[in-house]
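A.B. asks: Take this structure, written in structure tokens, and hold onto it; I'll ask about it next.
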Amino acid sequence: MPHQSFESEILEVNQALLDAIAGGDWDAYSELCAADLTAFEAESRGQLVEGMEFHRFYFDLPAGQGPVNTTMTMPHVRQLGADAAVICYVRLTQRLGPGGDPVTGRFEETRIWHRIEGRWQHVHFHRSTAT
Ligand code: GLY
């Protein structure tokens with residue numbers, strides 16, 4: 001198997017996380033996250049949330065209909081030593097809106113990854129709704 005660059009490894013694990021979110025796949029999402037994940041996101045209304053229960057609420061809601069496609073645009077990966085990285089990008093999410101027409105959501109995201117015992121764990125993120 002060819003050697004995978006650090007950057008492509010982070011892009012791959014981050015895309016897997018975004019696909020788990022888009023697919024409402026709690027098992028895949030929680031497998032990729034540290035139990036003490038911290039986050040700022042619009043849903044937390046300016047508060048830092050810690051742990052997985054806050055995020056689980058959204059996975060437990062009824063799934064939306066139709067396909068979802070998630071794209072990281074212009075991702076930037078910065079290696080922070082051998083076992084940590086920060087990635088930032090704008091996330092575009094294509095799905096069907098309430099009227100059945102395609103709509104595109106847009107979010108600014110920064111996510112931190114930490115390799116713990118050989119496994120990449122998502123440890124922090126900050127997601128902003130684009131202004
Ligand atoms: N709201 C979950 C996440 O963006 O990771």
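The values are calculated or read from the model by the stated rules, or taken from the named source; none is laboratory data. The shown structure was predicted, so the numbers you read here are calculated from the model rather than taken from an experiment. Counting neighbours? That spans all protein chains shown, and the Cβs are built from the backbone with ideal geometry, glycine included.
A.B. asks: How many of the residues in segment 5-30 are in contact with a strand residue (DSSP E or B) (Cβ under 9 Å, 6 or more places away or on another chain), charged (D, E, K, R) and within 13 Å of the ligand (Cβ to nearest atom)?
C.D. replies: Residues that pass the stated criteria total 1.
A.B. asks: Do you know which residues across segment 50-105 are more than 14 Å from residue 18 (Cβ to Cβ) and charged (D, E, K, R)?
C.D. replies: 50, 53, 56, 60, 78, 83, 101
A.B. asks: Under the condition of being of a type in the set (D, E, K, R) and in a strand (DSSP E or B), which residue from segment 114-131 is nearest to the ligand (Cβ to nearest atom)?
C.D. replies: Ranking the candidates gives 127 first.
A.B. asks: For segment 88-103, check the following and say yes or no: at least one residue is within 16 Å of the ligand (Cβ to nearest atom), over 17 Å from residue 15 (Cα atoms), at pLDDT below 95 and exposed (fewer than 15 other Cβ atoms within 10 Å of the Cβ).
C.D. replies: no
A.B. asks: Next up: Where residues in segment 36-51 are surrounded by 10 or more Cβ atoms within 10 Å (Cβ to Cβ) and more than 10 Å from the ligand (Cβ to nearest atom), which of them is farthest from residue 111 (Cα to Cα)?
C.D. replies: Taking the candidates together, the pick is 47.
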